[in-house]
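Read through the structure below, which is laid out as structure tokens, and then see the notes.
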Amino acid sequence: MAAVKTGTGWPKNAPQSAKYITSSSSVTLERTVNLYPLTNYTFGTKDALYEKDSSVQARFQRMRDEFQSQGMRRSVEGVLLVHEHGLPHVLLLQLGTTFFKLPGGELNPGENSVEGLKRLLTETLGRSDGIQHNDWTIEDTIGNWWRPNFEPPRYPYIPAHITKPKEHIRLYLVQLPDKAMFAVPRNYKLVAAPLFELYDNSSGYGPVISSLPQALSRFNFIFN
């Protein structure tokens, strides 16, 4: 019988008496999220909402210019969930036929990330007639992505050789109320994409959106 080698693994050469698992009453082990039917929500339209930049090249040039004066760009995106036929769906903004994005955008210099996301959600999906003010409930951080260079690729970590990432994108789970009305910019469509369609589908939705099924798997969904 082969001898069992001790003192190996991670952390390397750690003493056998070391303990790495701790218990704390403040840790929430069962995290639940309430989902409501897509039919509970009403979707209207409002004036078109255009990007600040006319092209991808212009976007990265502006990022480069602002990096010199403001440092790393901070962006936030909201994950809004509903259910249809008992399956969880993510609300996505669709531009054209092949481009999908989460609602959100860039934070202003010094702006709080949660308050900034609420502002951006209102600008994107809030009604413009002032009748109803959406009371956005930001529940939890579900992801952090980093852009190491002035280029499209983003990663869920900072690459080892990068000391000054150019953008930090934080994803938040947004708890929707049981009913609400949203106003969608005319140049966008708001689509509900099931998690099974997003999973491992980076070619269709990009690496961030296609990672949502894994990021959301730690939650228990309550289908109301």
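The values are calculated or read from the model by the stated rules, or taken from the named source; none is laboratory data. All figures in this text were calculated on a predicted structure; none of them were measured in a lab. Because the Cβ atoms are built from the backbone with ideal geometry, glycine has one as well, and the counts that use them run over all protein chains shown. To get the accessible areas, we keep the full protein, side chains included, count just its heavy atoms, and leave off ligands, DNA and RNA. Shrake-Rupley method; radii C 1.70, N 1.55, O 1.52, S 1.80 Å.
Is there a residue being of a type in the set (D, E) and surrounded by 14 or more Cβ atoms within 10 Å (Cβ to Cβ) anywhere in region 44-67? Yes, that holds for at least one residue.
Exactly one residue among Y188, Y199, Y172 is of a type in the set (F, W, Y), open to solvent by 40 Å² or more (accessible area, probe 1.4 Å) and within 20 Å of F100 (Cβ to Cβ), and that residue is Y199.
For residues that are of a type in the set (K, R) and within 18 Å of V208 (Cα to Cα), scanning just region 151-169, find the one that is most open to solvent (accessible area, probe 1.4 Å).
The residue in question is R154.
Considering region 83-107, and only residues there that are assigned to a strand (DSSP E or B) and modelled with pLDDT under 95, the residue that is surrounded by the most Cβ atoms within 10 Å (Cβ to Cβ) turns out to be L95. Restricted to region 156-224, the set of strands (runs of 3 or more DSSP E) holding at least 3 residues that are over 14 Å from the mean Cα position of the chain (by Cα) and aromatic (F, W, Y) comprises 219-223. Reported count of residues in region 68-82, each being part of a strand (DSSP E or B) and either of a type outside the set (A, V, I, L, M) or open to solvent by 40 Å² or more (accessible area, probe 1.4 Å) (or both), is 5. Which residue is farthest from P156 (Cα to Cα), if the candidates are limited to region 205-224 and must be open to solvent by less than 30 Å² (accessible area, probe 1.4 Å) and without any contact (Cβ under 8 Å) to a residue 60 or more places away in the chain? Ranking the qualifying residues of region 205-224, first place goes to P213.
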